[in-house]
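The values are calculated or read from the model by the stated rules, or taken from the named source; none is laboratory data. All of these numbers come straight from a predicted model, not from anything done at the bench. Note that we place each Cβ from the backbone using ideal geometry, even for glycine, and neighbour counts take in every protein chain shown. With ligands, DNA and RNA removed, areas are computed over all heavy atoms of the protein, side chains included. Shrake-Rupley method; radii C 1.70, N 1.55, O 1.52, S 1.80 Å.
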Amino acid sequence: MPSPSAAPPSPSLAERVARLEARQEIEELKYRYLRACDHKDPEEFRACFIREGADIDYGELGAFATVDELVTLFSRIALARGGAGHIVLDMHHGLHPQIAFRSPTEATGRWTLRFRQLNLADETERVMCGEYDDRYVVEDGAWRLAKHHFRTLWSLSRPLPQGYAVDQGGLR
């Protein structure tokens, strides 16, 4: 029979419930981030990250020294408008979350991204699959992104078909 000190103590019901609640909060954070991208909402996008010191690397889009630098780029691309509305339209789907807790206030996560983008200036469509590698921390009582790295696994770019029509009625 193993000694009682050989096995780590089993988490209590309260600890297990707290971990489930934290996991749900982290998933909701990621979904808010993805929705902010698609809805072109720089304020909500910014609110997903810690105030200072985030580690951000978007691969081909570059690494960013501050979240505000990233928000500036996001705003420039997402909010650009042409005659018919927004020039770039994105669709982000975060899938397959793997979340591991380091402590009650720190966790890591990996997500698969399915992404689709219409660029109406270039009249192209891009479809992509990639991976997010995140670290989350609790700041001001809420989970926030402290590390956010993205790596493209593959992508496809193609011209939009002749005679395409885009309805942007749901975007502001």
### Query
When region 71-91 is examined, which residues are found to be of a type in the set (A, V, I, L, M, F, W, C), crowded, with 17+ Cβ neighbours inside 10 Å and in a strand (DSSP E or B)?
Val88, Leu89
### Task
Search region 143-172 for residues that are β-branched (Val, Ile, Thr) and pair each with any residue that is open to solvent by 80 Å² or more (accessible area, probe 1.4 Å) and modelled with pLDDT under 95 when their beta-carbon atoms are under 8 Å apart and the residues are at least 6 apart or on different chains.
Thr152/Glu60; Val166/Ala84
### Message
Among the residues that make up region 127-137, is at least one of them at negative phi and either touching a Cys at 6+ places or on another chain (Cβ under 6 Å) or in a loop (DSSP other than H, G, I, E, B) (or both)?
### Response
no
### Message
I want to confirm something. Restricting to region 140-172 and keeping residues that are out of contact with any Asp or Glu (no Cβ under 8 Å at 6 or more places or on another chain), not in a loop (DSSP other than H, G, I, E, B) and not aliphatic (A, V, I, L, M), which single residue is surrounded by the fewest Cβ atoms within 10 Å (Cβ to Cβ)?
### Response
Trp154
### Query
How many residues, within region 113-139, are open to solvent by less than 20 Å² (accessible area, probe 1.4 Å) and closer than 25 Å to Ala22 by Cα?
5
